[in-house]
Amino acid sequence: MDAPARTRKPAEVSIEDVQNRADTRRIPINRVGVKDVYHPVRLKDRSGGEQHTIANFNMYVNLPHDFKGTHMSRFIEILHHEREISVDSFRALLEEMTRRLDADAGHIEMSFPYFVMKKAPVSGVESLMDYRASLIGERHDECTDMWIKVVVAVTSLCPCSKKISEYGAHNQRSHITLTVKIREHIWIEELIDLAEKEASCELYGILKRPDEKYVTEHAYDNPKFVEDMVRDIALRLNADERVLAYVVESENFESIHNHSAYALIEKDKVEKDKVKESARSVKR
């Protein structure tokens with residue numbers, strides 16, 4: 001019987017790294033990277049527990065004008081360093097990505113479903129409510145900014161409809177979106193609570209008849225235009241020193257129109273403070 005043939009290793013071949021070629025068009029790229037990458041994440045909640053879920057990642061860096069391309073595989077390699085990404089490791093992930101890709105700026109978005117156990121207002125029956133949350137990190141000039149984003153579904157009842165109608169008023173489900181730049185830690189539940197308290201009424205997964213009566217009457221006693229909701233939330237965020245900047249949005253999915261009502265307030269509290277200080281200096 002013939003001896004088995006030995007497997008030969010393929011000869012090493014030098015393969016050009018095309019991404020490292022110079023580019024002569026002299027046009028820098030603001031963001032280049034990968035989108036819609038799914039990876040396990042681990043989240044701490046306000047109750048002291050943990051949630052294990054799957055997050056959708058978008059990962060980008062800037063690209064100087066003289067580089068042809070970036071190294072796409074490195075984004076995935078960096079993400080796969082941990083079996084489960086945590087909020088605690090998110091900042092380090094952003095910093096490592098920017099460093100390994102030799103970039104001046106980096107951006108990571110981590111979006112995931114987030115669950116809160118809620119009790120119905122009268123019966124006390126418990127049910128899970130799901131929210132869409134995101135952690136957003138931006139790095140530029142060796143400085144890192146952290147943002148939290150959450151979409152909260154609520155009820156809004158129209159003040160005009162209530163005023164002009166002999167009985168009843170039209171109401172709708174609304175989506176309040178808070179995107180908050182933070183100075184220090186803020187629980188996702190805190191932003192959810194803020195949005196729900198400034199709506200006509202919050203939503204619940206399960207309602208018994210006494211609960212349904214309560215939420216119907218509570219919304220009727222607390223009418224809010226889309227403008228009211230974003231302004232009331234902005235007042236609360238203005239007073240929170242942990243918040244450096246924010247975007248507040250509300251979209252009302254109208255029950256008597258074939259369109260939505262929408263409002264947005266955007267504010268950079270740090271930039272406003274700089275303007276105030278500059279004005280004081282001029283007066284002096």
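No lab work stands behind these numbers, since they all come straight from the coordinates. Values in this document were obtained by computation on a predicted structure and should not be read as measured data. No Cβ is skipped: glycine too gets one built from the backbone with ideal geometry, and neighbour counts run over all protein chains shown.
Overview of values
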{"read-out": "Segment Lys44-Lys213, extension gain: residue separation times 0.36 nm, minus the distance between their alpha carbons", "value": "57.4 nm"}
{"read-out": "Percent of beta bridges antiparallel (DSSP, the chain, rounded to nearest 5)", "value": "95 percent"}
{"read-out": "Linear extension gain, Asp102 paired with Arg26, 0.36 nm per residue minus alpha-carbon span", "value": "25.6 nm"}
{"read-out": "Computed magnitude of the charge dipole of segment 120-284 (debye, nearest 20; Cβ of K, R +1, Cβ of D, E -1)", "value": "560 debye"}
{"read-out": "Residue among Ile265, Ile176, Ile108 with the largest mean-square fluctuation in a Gaussian network model of the chain, springs linking Cα atoms under 10 Å", "value": "Ile265"}
{"read-out": "Within the chain: Cβ-based charge dipole about Cα centre, in debye rounded to nearest 20 (Lys, Arg +1; Asp, Glu -1)", "value": "380 debye"}
{"read-out": "Assigned charges on the beta-carbon of Lys, Arg, Asp, Glu; segment 18-149 dipole about Cα centre (debye)", "value": "300 debye"}
{"read-out": "For segment 131-284: relative contact order, % (alpha-carbon pairs under 8 angstrom, 6 or more apart)", "value": "23 percent"}
{"read-out": "Calculated Cα extents along the principal axes in Å (choose from (i) 94, 77, 40; (ii) 59, 46, 33; (iii) 50, 46, 31), label", "value": "(i)"}
{"read-out": "Within segment 18-47, backbone nitrogen closer than 18 Å to the virtual label 7 Å beyond the Cα of His140 toward Cβ", "value": "28-33"}
{"read-out": "Choice from Gly33, Gly48, Gly106 showing the highest fluctuation, given a GNM over the chain with Cα pairs closer than 10 Å", "value": "Gly48"}
{"read-out": "Formal net charge of residues neighbouring Thr177 (Cβ-Cβ distance under 12 Å; K, R +1; D, E -1)", "value": "-1"}
{"read-out": "Relative contact order of the chain, pairs being alpha-carbon contacts under 8 Å that are 6 or more residues apart, as %", "value": "13 percent"}
{"read-out": "Cα shape, segment 27-110, gyration tensor, a/c 1.5 rule", "value": "prolate"}
{"read-out": "Top of Phe67, Phe112, Phe253 by mean-square fluctuation, Gaussian network on the chain, Cα under 10 Å", "value": "Phe67"}
{"read-out": "Extreme residue, positive dipole direction of the chain, given options Val180, Phe67, Asn258 (C-beta unit charges)", "value": "Phe67"}
{"read-out": "Helix-only CD estimate at 222 nm, as mean residue ellipticity for the chain, using -39500 (n - 2.57) per DSSP H run (n ≥ 4)", "value": "-8500 deg cm²/dmol"}
